[in-house]
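*Asks:* What follows is a structure written as structure tokens; I'll ask about it next.
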Amino acid sequence: MSKEIIEQNIEQEVYEPKIEDKKSVSFIWVLPLIILGILGWIAYESYMKKGTNITVVFKSAEGLKEGVTPLEYKGLQLGKVTKISIHEDLKSVKVNFLIDNEVAKYVASESSQFWIKKPTISLTKISGLNTLISGYKIELSPIFKTQKEFETGKPKYFFEGLDTQPNDEFESDGYYVSLIANDKDNVEVGTPIFYNNFQIGEIIAKEFVYEKVYFTAYIYDKFNYLVNKSSKFFMNEALKVSYGASGLNIELGSLYSALVGGITVITPNKEDEKIIKDVPYILYGKKDDLKKKEFFNINFNDVNGIEENTPIIYKGIEIGKITEVNLNKDALNTKAFIYEEYKYLLTNKTKFFVEEPTISFDGVKNLGNIVKGNFVSLEYNKGDFKTVFTAINKKDINKSSSSIKIELLSENLNSISTKSKVYYKNIEIGKVDNYSLTPDLKNVKISISIDEKYKDLINDNNLYYDMSSKLVEMKNLNLNINYSGVEPMLNGAIALIAEKKEGAKLSSKEFKLYSSFKDVEKLKRVSNNGFVIEADFNNDFEIKHDMAIMYKNQEIGFVKDVRFNEKKSKVILFIYSDFKKYITNKSRFYKKGVVNLKASLSGVLFEVDNFSSLLNGSINLDTDSNIIFEKPQIFASEDEMKNTTNSITIVFNDVEGLQENFSQLTYKGVNVGKVTKVKLNEKQQVEVKAIIYNDFASFAKEGTVYYLKKPRISLQEVANAGSTVMAVNIGVIKSENPTVQTKFEGLENQPSLESSHFGTVFKVEDATASSVNLDSPVYYKNVQIGKVSKIDLSEDGSKVVVDCLIYDKYKKLIRKNSEFYDISGFEMKFSIFSGSKVESNTFTSLLKGGLVVVTPYEYGEIANPKDKFTLVKTLREDWKSISPSIK
Amino acid sequence: MVLISCKNCHKMYERENFDNFVCTRCNHLVRKRIKDSLQVSLALTICAILLYIPAMLYPIMEVTRLGVKIESTILEGVISFLEQESYFIAIVVFTASIVIPMIKLVGLLFIFISLKINVKMHNNRKILIFKFVEAIGKWSMIDIYVVAILASIVQLDEIFNIKGGIAATSFALMVILTMIAANRFDTRIIWDE
């Protein structure tokens, strides 16, 4: 019974099975696996790349930064600084590097050397500039050169860093030369080596070994052949100063070598063997050091300016030098050398002396000395070889050579000095040795010596004068600026006047030194033959002794003496005998002005005589006059002289506009004379004194008319306009009268003439003066044949007389029955019916007036001036038709 | 009869069983639960965790200044910001790049593991965590955004240069994967027995 209940209970509870999908593993799980794989690989990679650690000890870690500063080799980054810390010895810095694994074996090996690459700028080298931007870098310099070495080398992880770039960056099979340097040189690492001014190598190392400085020079491969055993090395001079015959030479090598210096190589023998590295070569200081030298001694007594390195120069070439200088008591002992090639100059006759620089205007000599001081020179004479010398004073050099010695006496030393030279024709022939006062203290004795080769010039007839004291000399009365070079001016000079005479001897030892050339000239004058004449003069100028007397610009004599008297002084003139013939009783003398300056509106007159008159004036001789004088006179000026003889006097009433010296006497437009003086005479008239330039006789004739050419400005004409501004001139009408007359009455206006050179004058009478004017034209058939020359009242005052000047050419037209008509002005006929009629002839006649001559057909005889004509007022109507043919 | 809704258009169906069929309204495959939801999410989360490691260890940015290359990881970046006293940025970067991913990963892991192992937590809390994770997920991309912008703008060759590092890629992938993981997770599973 109970089993059924349980089964019923159990049967009632039947559960459905739960169906669940079987879960599948999706593919998504691949992704984590992949990522895991990638991660693992990355981790592995970075572990492999971890790098090697090395430590380098540097003195200073300046500029190094942890994690930043790289280790490089030729620009390739090998690793980085990881840590910087202090080294145990507390004096240096430990720098840790992490090196990439690929290059670890090259870096962490025995061959490595590390140095800090900083930007370097020096005169020899500019490098590492990129580190300015990027900061310092550590650079690796491996010693090993081949792979094999690296492989066999041992690894090393601890290094000592270097201070500077190591030296063996160059290949070991390069061409190296060792050089020993002098202590004076400034050669540094990097100094270039030149051959023919082309850089072929450089100094790469400098070492100090055994108290000597050794350089290692590296020659670039290309130029290996240029350097061999015969090569010589020497320093370049930055600045080469040389002096010589050509003067001062300054040479600057390339600017680089000026700053850096440089070493030059010369290789005389190209075929020689190559240099072995460790055999040192001497680096010479200068090129000269290469030459072989001969040493000797010179002693100096009283010179200064000699020191070590003073050069010895012979004929402009430096042949040696003073090397050592010792002061021994009073004398200077020196050791010197000359180059072997000049050894022959050292003989027992050779003399050494010191040259000092001289500056003179002639040129600067020995300029090199100014830069370098004095130098030693020598005078060479053949002889035996000698090595000890005593230097002598330069002046004494010439003493030994034979020269002629002469003594001069002078009143005054003036500008002579011991530097003075003796010149002959401006060539130096000798010099002044010394001078002293004579025992009686009145004169100066000058000793001169003349070079032997000029001995022919020296004889008893010599004249010596001081050339220097006067720069300006008068030689032959022409001005000479005596320029014989400035040196005589500065140093004083003596000139010699001499003639080479055969057989002339030099017997006297003493000569007189004249103080100037003039004095010598004076001598000459005195030695000239001549005669003396006396002349008077009025004291109106200064006459000096020695004034020259000129005749036609030739000196014929001079003033010897002047005897003063307040009224009339007497002058003694000395005339050379050659010119005696020019002195006659017609001679006159006048002083030629120094400068003749006259200025006015007419012009500026400027006359300068020859320059002798500038200084002294001169007296000129004149032989032109016709008048005989009892005693020759000296006039103050040429004009005055002429005045007394060639002058005429004209008396005027009024001479307004006339000016002394400017008013000219004109004849036919030519100036034939001039007015020299205008003054009032006793009768209150104006007396004009004029001189005639030439041909006095033809103007000083009775009947000559002088008239004033005053300016005439009127409606009809402008005449002599110049006279309004300039001086009024005097016109001349000549006459043929043979009588001589010198005093005339002048006319205010141009006179009328009966006949003049122009033509004939016919008198025409008129009741009143019409509008005919002076210079009105006279027409015949409207052609001007003459003009009115004068209008005046007749003597009895009843008529007006018009003088018509008819030109000679037309004289035949005027016949006794010719008629003169007045056509001046114009006629105006006024009529009611016919209108007005204005008739006028030529326009000129409208202004000037004029006359017309009409000669009828039946013409009569030729008229003469005595005939009288009457002026007809109106012109006849048919005048034009009357045209006779007049022969 | 069972009730199923379409995940896409949320249309309710009354069906006999939980077999898959096509929604009549939106043509989407209607399923009871997303297929392999938990597996996929879990796998992706694990990937993300794996990727998180290089993101932290490797440099996210390489700055080259005047030839000097400095690589910095996220943590180093944060520290340098702090040194430069840019506290705000430091906090932002720290939060966005370190804290949030950490929370995401831990949260997701926790949820997934709690489905397998019995954890004493209300399901509602789990949903809350999940919602939170999903919401903040995308904000981690800030860091990537910064690196990308910098890298594309600052390109002055040797003078100044910024490049993204490995960590950037890794980080970005990580964030993306967590986002996918969160998206693929069917939260209904939490209430499944």
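*Asks:* Counting Lys +1, Arg +1, Asp -1, Glu -1, what net charge surrounds A:Leu76 among other residues with beta carbon under 14 Å of its beta carbon?
*Replies:* Numbers: positive: A:Lys74, A:Lys80, A:Lys117, A:Lys137; negative: A:Glu72, A:Asp100, A:Glu102, A:Glu139.
So the environment of A:Leu76 carries a net charge of 0.
*Asks:* For the pair A:Ala767 and A:Ser92, how long in nm is the line joining their label points, each one 7 Å along Cα→Cβ?
*Replies:* The modelled label-to-label distance comes out at 15.4 nm.
*Asks:* Sticking with this one: How much length is gained on full extension from A:Ser698 to A:Ile38, taking 0.36 nm per residue of separation minus their Cα-Cα distance?
*Replies:* Values: separation 660, 0.36 × 660 = 237.60 nm, distance 14.78 nm.
Additional length available on full extension: 222.8 nm.
*Asks:* Tell me the label-point distance for the pair A:Asn197, A:Ser883, using the 7 Å Cα-to-Cβ offset, in nm and rounded to one decimal.
*Replies:* 10.1 nm
*Asks:* Moving to a separate point now. Calculate, for A:Asn864 and A:Val562, the FRET efficiency according to 1/(1 + (r/R0)^6) with r their C-beta to C-beta distance and R0 60 Å; round to the nearest 0.05. Don't jump to the answer; show the numbers that get you there.
*Replies:* Values: r = 66 Å, r/R0 = 1.11.
The formula returns an efficiency of 0.35 here.
*Asks:* Beyond a 27 Å Cα-Cα separation, which of these cross-linked pairs lie in this structure: A:Lys145/A:Lys222; A:Lys631/A:Lys677; A:Lys315/A:Lys445; A:Lys445/A:Lys560; A:Lys321/A:Lys382? Write down the numbers at each step before the final one.
*Replies:* Details: A:Lys145/A:Lys222 22 Å; A:Lys631/A:Lys677 25 Å; A:Lys315/A:Lys445 35 Å; A:Lys445/A:Lys560 31 Å; A:Lys321/A:Lys382 21 Å.
In this structure, A:Lys315/A:Lys445; A:Lys445/A:Lys560 lie more than 27 Å apart at Cα.
*Asks:* Ok, one more. For A:Tyr380 paired with B:Thr169, estimate the spin-label separation in nm (one decimal), with each label point 7 Å from Cα along the Cα-to-Cβ line.
*Replies:* Placing both labels 7 Å beyond Cα along the Cβ direction yields 9.2 nm.
*Asks:* Within segment B:111-151, which residues have the backbone N less than 19 Å from the label spot 7 Å out from B:Arg33 along Cα→beta-carbon, could you tell me?
*Replies:* B:111-131
*Asks:* Continuing with the same structure: For the pairs A:Lys790/A:Lys873; A:Lys710/A:Lys868; A:Lys386/A:Lys453, note any where the Cα-Cα span goes beyond 20 Å.
*Replies:* On the way: A:Lys790/A:Lys873 18 Å; A:Lys710/A:Lys868 30 Å; A:Lys386/A:Lys453 30 Å.
Result: A:Lys710/A:Lys868; A:Lys386/A:Lys453 exceed 20 Å.
*Asks:* Got a sec? Which residues in segment A:70-109 would a label at A:Lys156 touch, if it sits 7 Å along Cα→Cβ and we count backbone N under 11 Å?
*Replies:* The answer is A:108-109, whose backbone nitrogens lie closer than 11 Å to the label point.
*Asks:* Looking at this model, which pairs from A:Lys91/A:Lys118; A:Lys689/A:Lys709; A:Lys668/A:Lys812; A:Lys229/A:Lys270; A:Lys94/B:Lys69; A:Lys292/A:Lys343 are more than 19 angstrom apart at the alpha-carbon? Write down the numbers at each step before the final one.
*Replies:* Working: A:Lys91/A:Lys118 21 Å; A:Lys689/A:Lys709 16 Å; A:Lys668/A:Lys812 25 Å; A:Lys229/A:Lys270 9 Å; A:Lys94/B:Lys69 23 Å; A:Lys292/A:Lys343 10 Å.
From A:Lys91/A:Lys118; A:Lys689/A:Lys709; A:Lys668/A:Lys812; A:Lys229/A:Lys270; A:Lys94/B:Lys69; A:Lys292/A:Lys343, over 19 Å: A:Lys91/A:Lys118; A:Lys668/A:Lys812; A:Lys94/B:Lys69.
*Asks:* Would you please give the FRET efficiency between A:Ser230 and A:Glu308, computed as 1/(1 + (r/R0)^6) with r the Cβ-Cβ distance and R0 = 41 Å, to the nearest 0.05?
*Replies:* Values: r = 31 Å, r/R0 = 0.76.
Efficiency computed from Cβ-Cβ geometry: 0.85.
*Asks:* Hey, with R₀ at 30 Å, roughly what FRET efficiency would A:Asp451 and A:Glu411 work out to, going by the Cβ-Cβ distance, to 0.05? Mind showing how you got there, number by number?
*Replies:* On the way: r = 27 Å, r/R0 = 0.90.
For R0 = 30 Å, the calculated efficiency reads 0.65.
*Asks:* Can you tally the net charge around A:Ile730? Count Lys and Arg as +1, Asp and Glu as -1, for every other residue whose Cβ sits under 15 Å from the Cβ of A:Ile730.
*Replies:* Details: positive: A:Lys668, A:Lys674, A:Lys677, A:Lys689, A:Lys709, A:Lys710, A:Lys734, A:Lys743; negative: A:Asp654, A:Glu656, A:Glu660, A:Glu687, A:Glu745, A:Glu748.
Here the count lands on +2.
*Asks:* While we're here: Could you work out the local net charge near B:Lys138, counting Lys and Arg as +1, Asp and Glu as -1, over the other residues with Cβ closer than 15 Å to its Cβ?
*Replies:* Values: positive: B:Lys104, B:Lys131; negative: B:Glu134, B:Asp143.
That sum, taken over residues with Cβ under 15 Å, equals 0.
Laboratory data are not the source of any read-out in this text; all were calculated from the coordinates shown. Quick caveat, the model's predicted, so the values are computed rather than measured. We place every Cβ from the backbone using ideal geometry, glycine too, and count neighbours over all the protein chains shown.
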